[in-house]
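Read the structure below first, then the notes.
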Amino acid sequence: MTATLRLAVPNKGRLKDSSISRLKEAGLDFEQTDRALHAQVRNVDMELLFVRTEDIPEMIADNIAALGITGIDLLAENGGDLTVLAELGYGYCKLVAAVPRISKVEKLEDLAGLRIATSHPNATRTFFAERDIDVTVIALRGSVEVAPKLGLADAVVDLVSTGSTMMVNGLRPVDNLLSSQAVLATSPRSQAERGAELDRVVTALDAVTQGRKKRYLLLNAPATATETIAAVMPGMGAPTVTPLADASMVSIASIVDADSVWNLLPQLKACGGRDIVVLPVGQLIP
Ligand code: AMP
């Protein structure tokens, strides 16, 4: 008998809430309490391990979990030969090299010979070594952005999403080392041994990611407006057009980009559309 599939999930921090809600939206029925270290999924033979986001690459590499949700930045830092199975579309951030505003450094090469404080020492060392830029990396656990002020370093490599924390600390970005988001990751061993099970998790989570980018749009319109409305909301191929009991009217349904709904609604109204309903799409497999 194969062992229960174990999936490692962030137990706190920035990736926790989105990870839990995506797994639920994917159809997994489980309960997450703040103290529980693991949860048995009720409707699928799967166990969730709740651990620190930064420990997840190691748990996958050590085969404690067959797969896990973590950040691309943490895979770069600690991920060895792990594989990304799916990009999950949240936890977006960048690993950025930055210097005090008054620094003379303009580009990455100018950092040669300088001290860089970071909580991503492995990723930073690899990045600069690959470019033959000789830097001294100072590993810090937190408060990286204050290191230049304290005289600990000449520059920092840190995660940013908006960049405002860096600005507040008087830092100026020099360049991006990598772009990150939450991903589903696995090891070559789990991929070889449990590929079919992993595929099922990927399909379900990808369907959630795709679904969240879409809306189901439903409206009534005069039959004479069908072509105009179909041109405005072609959806995934062509919209579904259903005749109504009143022969002069039709019902039109389509899947549209969530981003387009704002502009679509007034256009549809102008074309004669009414009783317009916009619904979320739970999961979508294109
Ligand atoms: P945690 O330390 O548990 O809050 O998780 C940190 C992870 O969240 C990072 O490794 C990134 O993958 C992700 N993340 C997304 N945006 C940010 C940000 N602005 N700062 C730090 N981490 C971020």
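What does the net charge come to around Q283 if you take all other residues with beta carbon closer than 12 Å to its beta carbon, with K and R at +1 and D and E at -1? Don't jump to the answer; show the numbers that get you there.
Working: positive: R22, K24, R212, K213, K214; negative: E25, D206.
After counting each charged neighbour, the total is +3.
Give the Cα extents of the range 142-221 along the principal axes, in whole Å, largest first.
Projected onto the principal axes, the Cα atoms of the range 142-221 cover 59, 52, 20 Å.
Thinking of the chain as a set of Cα atoms, what percent of all their pairs are more than 27 Å apart?
The proportion of pairs with Cα distances above 27 Å equals 55 percent.
Note down the net charge around T209, summing +1 for each Lys or Arg and -1 for each Asp or Glu among other residues with Cβ under 13 Å from its Cβ.
My count for the surroundings of T209 gives +1.
What do you get for the angle between helix 16-25 and the principal long axis of the chain? Use alpha-carbon atoms, 0 to 90 degrees, nearest ten.
30
To the nearest 10 degrees, how steep is helix 121-130 against the longest Cα principal axis of the chain, on a 0 to 90 scale?
90
Quick one: putting +1 on the C-beta of Lys and Arg, -1 on the C-beta of Asp and Glu, what dipole do you get for the chain around its Cα centre, in Debye to the nearest 20?
The calculation lands at about 660 debye.
Around A182, which amide H atoms from residues at least 5 apart in sequence, or from another chain, sit under 5 Å from its own amide H, with H modelled in the peptide plane?
Residues meeting the amide H criterion: L88, G89, Y90, G91, Y92.
Please compute the length gained on full extension between E87 and L150, using 0.36 nm multiplied by the number of residues separating them and subtracting their Cα-Cα distance.
Numbers: separation 63, 0.36 × 63 = 22.68 nm, distance 3.72 nm.
Value of the extension gain: 19.0 nm.
Cα convex hull of the range 13-156: mean projected area in nm², to one decimal?
10.3
Once the cut-off is 13 Å, how many percent of the Cα-Cα pairs in the range 79-135 end up in the long-distance tail? Could the numbers behind the result be given before it?
Working: 1118 of 1596 pairs.
Tail of the P(r) past 13 Å holds 70 percent of the pairs.
Among rounded, prolate and oblate, which fits the range 141-286 when a ≥ b ≥ c are the square roots of the eigenvalues of its C-alpha gyration tensor, a/c under 1.5 means rounded, and a/b larger than b/c means prolate?
Numbers: a/c = 4.90, a/b = 1.90, b/c = 2.58.
Taking the square roots of the gyration eigenvalues as a ≥ b ≥ c, the range 141-286 is oblate.
In the range 1-87, if every C-alpha pair distance is counted and binned at 5 Å from zero, what percent goes to each bin?
Reading the bins upward from 0: 3, 15, 27, 27, 18, 9, 2, 0.
Specify the inter-centroid distance of the range 249-286 and the range 58-130, based on alpha-carbon positions, in whole Å.
So the separation of the two Cα centres works out to 40 Å.
Starting from the exponent 0.38 and prefactor 2.2 Å, build the expected Rg for the range 47-109 from its residue count and divide its actual Cα Rg by it. Spell out each step's value before the answer.
Details: Rg = 15.8 Å, N = 63, 2.2 N^0.38 = 10.6 Å.
Ratio of Rg to 2.2 N^0.38 Å for the range 47-109: 1.48.
So for the chain, averaging the separation of alpha carbon pairs under 8 Å that are six or more residues apart and normalising by length, what relative contact order in percent results?
19
For the range 81-216, max minus min Cα coordinate along each principal axis, in Å, sorted largest first?
52, 38, 24
If Lys and Arg each add +1 and Asp and Glu each add -1, what is the summed charge of the other residues whose beta carbon sits under 15 Å from the beta carbon of L95?
Once all neighbours under 15 Å are counted, the net charge is -3.
If one puts a single equal scatterer on every Cα of the range 226-283 and applies the Debye formula without solvent, what log₁₀ I(q)/I(0) results at q = 0.18, 0.26 Å⁻¹?
Cα-only, vacuum Debye calculation for the range 226-283: -0.62, -1.26.
Using a basic spin-label model with each label point 7 Å from the Cα along Cα→Cβ, how many nm lie between N263 and N122?
A separation of 4.4 nm, rounded to one decimal place.
By DSSP, what percent of the beta bridges with both residues in the chain are antiparallel, rounded to the nearest 5?
Counting only bridges with both partners in the chain, antiparallel ones make up about 75 percent.
Coordinate-derived values only; no laboratory data. As the structure is a computational prediction, the values presented were derived from the model and not from experiment. Glycine gets a Cβ as well: all are built from the backbone with ideal geometry, and neighbour counts include every protein chain shown.
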